[in-house]
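As structure tokens, the structure follows; a few thoughts come after it.
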Amino acid sequence: MNITTLATGLKFPEGPVVLPNGDVLVVELLRGTLTRVTPDGTTSVVAELGGGPNGAALGPDGRVYVTNNGGMLGFEVGGFTWASGIASDYVTGSVQAVDLTDGSVETLYTECDGQQLRSASDLVFDAHGGMYFTDYGKSDGVTGDKGRLFYAKADGSSIRMLTGGMEGPNGIGLSPDGTRLYVNETFTARVWWWEVTAPGEIKGGLSLGGSGGGNFLYTAPDYTNFDGLGIEADGNLCVASMVHAGISVVSPEGELVEFVDINVGNDPGITNICWGGEGLRTAYITASSTGKLLKVDWPRPGLTLNYGPDGQPSGNAE
């Protein structure tokens, strides 16, 4: 598998989004920006977001929607950069929308039913223009929040909590037909799913004590932390896997199809994947702990998601 480094010097990049012109957007969690990467690797700041931008997706109006965790602490372990904890200037988590024409930022949500968004993590849009997103929760290293799952409208008019009580929900995605919602947890390295019965309505309950009432799909067989996830056109889940660095490709039946090792500079922080290029056969992967955006020839096409600029499918993943 051919792996090339497209960009370097990024401050914990996450949430890649491929644009129709071939540019890739990433959020820089420890820089507080939405950043553009051109095909030749040139980087430029699109918008100053503040806090800790964590995930991104193109919405129905062509804006880029960002889940913001409110800010984390950056630190090094073994020469690699990580992000965790609560930044000293933390106020709240949020969902923001960025206009790509001028870089203007609108904050859509900071709470739900009077309860603060703590650490909005990742998001995916459905075909009805609504977004599902995870809230990882915050921890001071001694105590911590339980994670939650939300559904909200892109115009800022409506948000509701779908479930709670999760252990660090992070990556999120929809099956190709939109009937399944997938969420993975970071430290448990487990993937859960719910049946989507209507826009913003989900049903689980098939697994006794399932996290957030979800149905169990898969867990890693070794010591691995899960981050973001993307969906292939055939419905396989591609779960970005940290520590044991790579992409865990999991079938909708919960079987490990393959583990794709991503070893670039020994970076243990493989955090997100998306697809672009001809036939959506090029994967873009964030190697966050060394600040790189990678370009990978992928063996299968990624899923075309619902929205892109000017109504064009973008080929981006959550």
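With θ taken as phi - 60° and the coefficients 6.51, -1.76 and 1.60, list the Karplus ³J(HN,Hα) couplings across the range 279-289 in order, rounded to whole Hz; mark glycine and proline as x.
x, 6, 9, 10, 9, 10, 10, 8, 9, 6, 6
May I ask you to give the percent of accessible area on the chain that is carbon plus sulfur, with a probe radius of 1.4 Å? Walk me through the numbers on the way to the answer.
Details: 5710 of 12010 Å².
On the chain, the fraction of accessible area on carbon and sulfur atoms equals 48 percent.
Remind me, relative contact order of the range 1-143 in percent, using alpha carbon pairs under 8 angstrom and six or more residues apart? Don't skip to the end; give the middle numbers.
Numbers: 343 pairs, mean separation 24.5, N = 143.
Across the range 1-143, relative contact order equals 17 percent.
Given 34, 303, 1, which one lies farthest toward the positive end of the charge dipole of the chain, if we put +1 on the Cβ of every Lys and Arg and -1 on the Cβ of every Asp and Glu?
It is 34, whose Cα lies furthest towards the positive end.
Any idea what the relative contact order of the chain is, in percent, if you count C-alpha pairs under 8 Å spaced at least 6 apart?
Numbers: 1007 pairs, mean separation 57.2, N = 318.
Relative contact order, the chain: 18 percent.
Which trypsin sites (Lys or Arg not before Pro) from the range 115-180 combine a DSSP loop assignment with at most 10 other Cβ atoms within 10 Å?
On the way: sites: 118, 138, 146, 148, 153, 160, 180; in loops: 118, 138, 146.
The qualifying sites: there are none.
With θ set to phi - 60° and the Karplus curve 6.51 cos²θ - 1.76 cosθ + 1.60, what are the ³J(HN,Hα) couplings of the range 16-27 in order, to the nearest whole Hz, using x for Gly and Pro?
x, 9, 8, 8, x, 7, x, 5, 10, 9, 9, 8
Can you give me the long-range amide H partners of residue 29? Hydrogens built in the peptide plane at 1.01 Å from N, cutoff under 5 Å, separation of 5 or more residues or another chain.
Amide H neighbours of residue 29, under 5 Å, 5+ apart: 14.
Under 5 Å between amide hydrogens, which residues at least 5 positions from residue 11 or on another chain qualify, with H placed 1.01 Å from N in the peptide plane?
So residue 11 has HN proximity to no qualifying residue.
Add +1 for every Lys or Arg and -1 for every Asp or Glu among the other residues with Cβ under 15 Å from the Cβ of residue 138, and state the total. List each step's numbers first, then the result.
Details: positive: 118, 146, 148; negative: 89, 111, 135, 140, 145, 167.
Overall, the nearby charge balance is -3.
Run through the range 224-278 and list the GluC sites (Glu not before Pro) located in a DSSP loop whose Cβ has at most 16 other Cβ atoms within 10 Å.
Values: sites: 232, 253, 255, 258, 278; in loops: 253, 255.
Loop-located and lightly packed - 253, 255.
Give the shape of the range 169-318 as rounded, prolate or oblate, defined through the alpha-carbon gyration tensor: a ≥ b ≥ c are the square roots of its eigenvalues, a/c under 1.5 means rounded, and otherwise the shape is prolate if a/b is larger than b/c and oblate if not.
Working: a/c = 1.93, a/b = 1.14, b/c = 1.69.
Verdict is oblate for the range 169-318.
Write down the Kirkwood hydrodynamic radius of the range 1-146, to one decimal in angstroms, obtained as one divided by the mean of 1/r over all alpha carbon pairs. Could you put the intermediate results ahead of the total?
Numbers: mean 1/r = 0.0634 Å⁻¹.
Taking every pair of different Cα atoms in the range 1-146, averaging 1/r and inverting gives 15.8 Å.
Applying the Karplus parametrisation 6.51 cos²θ - 1.76 cosθ + 1.60 with θ = phi - 60° to the phi angles of the range 113-124, what ³J(HN,Hα) value in whole Hz is obtained for each residue in order, glycine and proline being reported as x?
Computed from phi, the couplings for the range 113-124 are 6, x, 9, 5, 6, 8, 7, 4, 10, 8, 8, 8 Hz.
Using the heavy atoms of the protein chains alone and a 1.4 angstrom probe, what is the accessible area of the chain per residue in square angstrom? Before the final figure, lay out each step's value.
On the way: 12010 Å² over 318 residues.
Per residue, the chain has 38 Å² of solvent-accessible surface.
For the range 67-124, build the charge dipole from Cβ charges (+1 Lys, Arg; -1 Asp, Glu) around the Cα centre, then report which of 124, 87, 108 sits farthest towards its positive end.
87
Amide H to amide H under 5 Å from residue 233: which residues, 5+ apart in sequence or cross-chain, H placed 1.01 Å off N in plane?
Result for residue 233 returns 302, 303.
Using the Cα gyration tensor of the range 33-73, with a ≥ b ≥ c the square roots of its eigenvalues, what is the shape: rounded (a/c below 1.5), prolate (a/b larger than b/c) or oblate (neither)? Can you show the working numbers first?
Working: a/c = 2.39, a/b = 1.20, b/c = 1.99.
The shape class here is oblate.
Would you work out the charge dipole size for the chain about its Cα centre, treating the Cβ of every Lys and Arg as +1 and the Cβ of every Asp and Glu as -1, and quote it to the nearest 20 debye? Please report the intermediate quantities before stating the final value.
Details: 17 positive and 37 negative charges, 52 e Å.
Dipole magnitude for the chain comes out near 240 debye.
Please return the longest stretch of the chain lacking exposed loop sites, where chymotrypsin sites (Phe, Trp or Tyr not before Pro) count only if DSSP places them in a loop and at most 16 other Cβ atoms lie within 10 Å.
Details: sites that count: 187, 223.
Formally, the longest exposed-site-free interval is 1-186.
The values are calculated or read from the model by the stated rules, or taken from the named source; none is laboratory data. Predicted model, so just to flag it, every value in this text is computed and none were measured. When we count neighbours, we look across all protein chains shown, and the Cβ atoms used for this are built from the backbone with ideal geometry, even at glycine. SASA here: full protein model, heavy atoms, side chains in, ligands and nucleic acids out. Shrake-Rupley method; radii C 1.70, N 1.55, O 1.52, S 1.80 Å.
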